[in-house]
Amino acid sequence: MDTRQAAQRWADVWERGWPAHDVAAISALYAEGAFWQQHPFLDPEPGYLARVFAEEESAQCRFGAPLVDGDQAAVPWTAQTRLTDGGSEDLAGVSLLRFGSDGLVVEERDFCHQR
């Protein structure tokens, strides 16, 4: 497994999948039982993608080049979302990823800030 390729694939699928609210494409990036902590101070939330995508009317996002070391990568990203309740979010974050030998994410920890 080439971590740089796996991380770039992760970023590319997220960059296409987020605006399309494509839960299936994004979920396919993760190994069964993968640990995904969406917020550093909260427990992981099962069903997170479906819930968040249901709250979004639209999204634009950009993912930066992965920084890679061994089986781990850090990927910076930004997003602007319009919410179904009329609100909006302007987000900046980084996802810290660890990949299994098959190139799927086995651990993800996200850190983001609403600007």
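The values are calculated or read from the model by the stated rules, or taken from the named source; none is laboratory data. Quick caveat, the model's predicted, so the values are computed rather than measured. Here the Cβ is made from the backbone with ideal geometry for all residues, glycine too, and neighbour counts use every protein chain on show. What goes into the accessible areas is simple: the full protein's heavy atoms, side chains included, and nothing from ligands, DNA or RNA. Shrake-Rupley method; radii C 1.70, N 1.55, O 1.52, S 1.80 Å.
Evaluating Ala25 against the criteria (1) closer than 12 Å to Trp10 by Cβ; (2) hydrophobic (A, V, I, L, M, F, W, C); (3) more than 11 Å from the chain's Cα centre (by Cα); (4) assigned to a strand (DSSP E or B) leaves one unmet condition, (4). Which residue pairs have Cβ atoms closer than 7 Å, lie 6 or more positions apart in sequence or on different chains, and pair a first residue in region 15-38 that is closer than 12 Å to Leu49 by Cα with a second residue that is β-branched (Val, Ile, Thr)? Close Cβ pairs satisfying both conditions: Gly17/Ile26; Ala25/Val13; Ile26/Val13.
For every residue, the table says whether it meets (1) over 19 Å from Gly100 (Cβ atoms); (2) of a type outside the set (D, E, K, R); (3) touching a Lys or Arg at 6+ places or on another chain (Cβ under 9 Å).
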site: Asp22; (1), (2), (3): yes, no, yes
site: Pro44; (1), (2), (3): no, yes, no
site: Glu55; (1), (2), (3): yes, no, no
site: Cys61; (1), (2), (3): yes, yes, no
site: Asp71; (1), (2), (3): no, no, yes
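The residues listed here are Ser88, Ser95; of these, the one that is free of Cβ contacts under 8 Å to residues at least 12 places away in the same chain and polar (S, T, N, Q) is Ser88. The residues in region 28-53 that are open to solvent by less than 40 Å² (accessible area, probe 1.4 Å), part of a helix (DSSP H, G or I) and not β-branched (Val, Ile, Thr) can be counted, and the count is 2.
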